Amino acid sequence: MTSSAAEPSGVPPVPPVPPPEAEASGTVASRFALYQRAGGIATPLMTVLVAFLAGGIVVAATGHNPLSTYRAIFNGTGLNWLFPWVAGDDRSLAATNLQQTLIITTPLILTGLAVAFAFRCGLFNIGGQGQYLVGSYFAVWIGSIWIGMNGPLHILLVIVVAALAGGAYAGIAGFLKATVGAHEVISTIMLNWIAYWVGSYLFGLGGPLQRSGDSPISNDIADKVHLHVFWGDPVLQGLHIGFFIAIAALVAFWIILNRTTLGYEVRAVGYNPEAARYGGISVARKYFTAMAIAGLFAGLAGALDVLGWEFRINVNDIQASAIGFTGIAVALLGRNTAVGVFFSALLFGSLITGTSTRHLDPTVFDPSLASNLTLLIQGLVVLFVGADVLILYIWQLRNRPPWSRK
């Protein structure tokens with residue numbers, strides 16, 4: 001007699017037990033993977049929203065109106081230029097502010113890519129700042145010599161050398177990871193400090209690359225290697241063509257990761273190094289390659305800043321620069337994707353510009369306090385960026401008995 005014949009009339013059959021594969025598909029890891037494949041846009045938006053809400057609480061605690069403050073910051077970014085009803089002097093001012101926002105967004109895109117590319121290989125590149133500085137050092141050195149060289153060729157040489165210098169500097173950390181297993185976080189942090197102090201020596205008083213005089217500053221690059229300004233006044237630091245180079249780097253990032261064998265192997269190592277090694281992929285070689293490519297992006301960022309608007313290096317600027325560190329937040333918020341990095345870089349570039357003393361109306365909010373507000377929001381973004389993993393884990397716990405929760 002079959003089991004169906006033994007069942008009483010009107011009683012539904014017992015559902016079959018799902019196979020182990022079906023049960024495994026409901027794990028936190030599989031849900032998170034599905035969530036990422038679906039786009040993962042909700043968590044970054046919620047992260048930004050929570051960060052701005054927390055920032056608004058801080059603004060209110062200082063006795064200011066959060067809405068008025070955020071409106072003034074938004075106007076300071078120049079993004080209101082996109083609104084057709086902004087006209088006259090307000091539109092001209094918005095255009096100038098937006099040019100400054102995009103100038104800052106340009107290196108943030110590239111330092112964000114430097115973190116994102118390494119992360120896709122399972123590496124946490126904390127050394128974007130050092131790689132950015134090394135790229136800027138070589139850019140100002142090459143840009144201030146060989147004055148008789150053809151202008152476009154000289155620009156190309158500066159960009160290539162600076163990018164390769166950044167790649168070689170990041171490759172040190174990749175080489176140490178591949179050969180002796182040195183953790184890339186530790187090695188890149190130390191390399192940041194090496195770049196910091198080497199630059200302070202090179203361009204400091206008595207340094208070999210200091211401009212003659214009493215100021216700790218480098219020689220100016222040649223006028224013919226300045227990047228072309230296509231929007232705005234070159235004297236007032238209009239937007240240069242380096243912005244399009246950064247956009248091209250985003251496209252190259254996407255193509256490498258999604259349309260090349262190298263990108264497939266990099267992502268395979270990032271997902272599971274042991275499985276990738278079993279599949280015939282040289283994990284050590286990919287660690288070095290991924291870090292070197294990441295350094296290329298950061299070194300390129302340093303070159304574009306030197307050629308686009310800095311034109312020289314000041315020791316004080318070396319000590320105050322934090323572009324590479326902000327790139328970490330850019331990559332994390334952007335989910336290590338090309339589109340995400342672009343919008344994340346635009347967000348942080350807007351915050352930096354909108355809260356500066358040049359663009360924020362001091363009658364609405366003190367710009368000196370607003371710069372700290374920017375740091376607060378950046379820190380909260382980094383803090384909350386992993387919230388999706390925690391939420392999925394808590395959601396999974398609700399279906400498990402209390403004694404099995406660990």
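The values are calculated or read from the model by the stated rules, or taken from the named source; none is laboratory data. Note that the structure is predicted; figures quoted are calculated from it, not measured. Every residue, glycine among them, receives a Cβ derived from its backbone with ideal geometry; neighbour counts consider all protein chains shown. These area figures cover heavy atoms from the full protein model, side chains too; ligands, DNA and RNA do not enter into them. Shrake-Rupley method; radii C 1.70, N 1.55, O 1.52, S 1.80 Å.
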Exercise. For residues that are in contact (Cβ under 8 Å) with a residue 60 or more places away in the chain, assigned to a helix (DSSP H, G or I) and of a type in the set (Ser, Thr, Tyr), scanning just the range 61-112, find the one that is farthest from Phe343 (Cα to Cα).
Key: Ser68
Exercise. Name every residue in the range 347-361 that is closer than 15 Å to Gly112 by Cα and open to solvent by 20 Å² or more (accessible area, probe 1.4 Å), in order of residue number.
Key: Leu347
Quiz item: Given Phe124, Phe117, Phe74, which one is at pLDDT 90 or above, open to solvent by 50 Å² or more (accessible area, probe 1.4 Å) and under 13 Å from Ile328 (Cα atoms)?
Solution: Phe124
Quiz prompt | Condition met for Val185 (closer than 19 Å to Gly302 by Cα and assigned to a helix (DSSP H, G or I)) | solution = no
Quiz item: From the set of residues in the range 201-219 that are out of contact with any strand residue (DSSP E or B) (no Cβ under 6 Å at 6 or more places or on another chain) and open to solvent by less than 20 Å² (accessible area, probe 1.4 Å), which is farthest from Leu133 (Cα to Cα)?
Solution: Gly207
Exercise. Would you mind telling me which numbered condition in (1) surrounded by fewer than 21 Cβ atoms within 10 Å (Cβ to Cβ); (2) farther than 22 Å from Ile217 by Cα; (3) at pLDDT 95 or above Val161 fails?
Key: (2)
Quiz prompt | Residues of the range 337-346 satisfying the condition of being buried (at least 24 other Cβ atoms within 10 Å of the Cβ) and over 8 Å from the mean Cα position of the chain (by Cα) | solution = none
Exercise. Mind listing just one residue for me: the one in the range 164-190 that is crowded, with 23+ Cβ neighbours inside 10 Å and among the hydroxyl-bearing types (Ser, Thr, Tyr) and, of those, nearest to the chain's Cα centre (by Cα)?
Key: Thr188
Quiz prompt | Answer from Ser136, Ser144 - the residue that is crowded, with 19+ Cβ neighbours inside 10 Å, hydroxyl-bearing (Ser, Thr, Tyr) and closer than 28 Å to Val266 by Cα | solution = Ser136
Exercise. Filter the range 113-158 down to residues that are free of Cβ contacts under 8 Å to residues at least 24 places away in the same chain and aliphatic (A, V, I, L, M) and give me whichever is nearest to Ile189 (Cα to Cα).
Key: Ile142
Quiz item: Picking from Tyr137, Tyr169, which residue would you name as being of a type in the set (Ser, Thr, Tyr), in a helix (DSSP H, G or I) and in contact with a strand residue (DSSP E or B) (Cβ under 9 Å, 6 or more places away or on another chain)?
Solution: Tyr137
Quiz item: Quick check, is Trp85 open to solvent by 20 Å² or more (accessible area, probe 1.4 Å), of a type in the set (Phe, Trp, Tyr) and more than 16 Å from Thr353 (Cβ to Cβ)?
Solution: yes
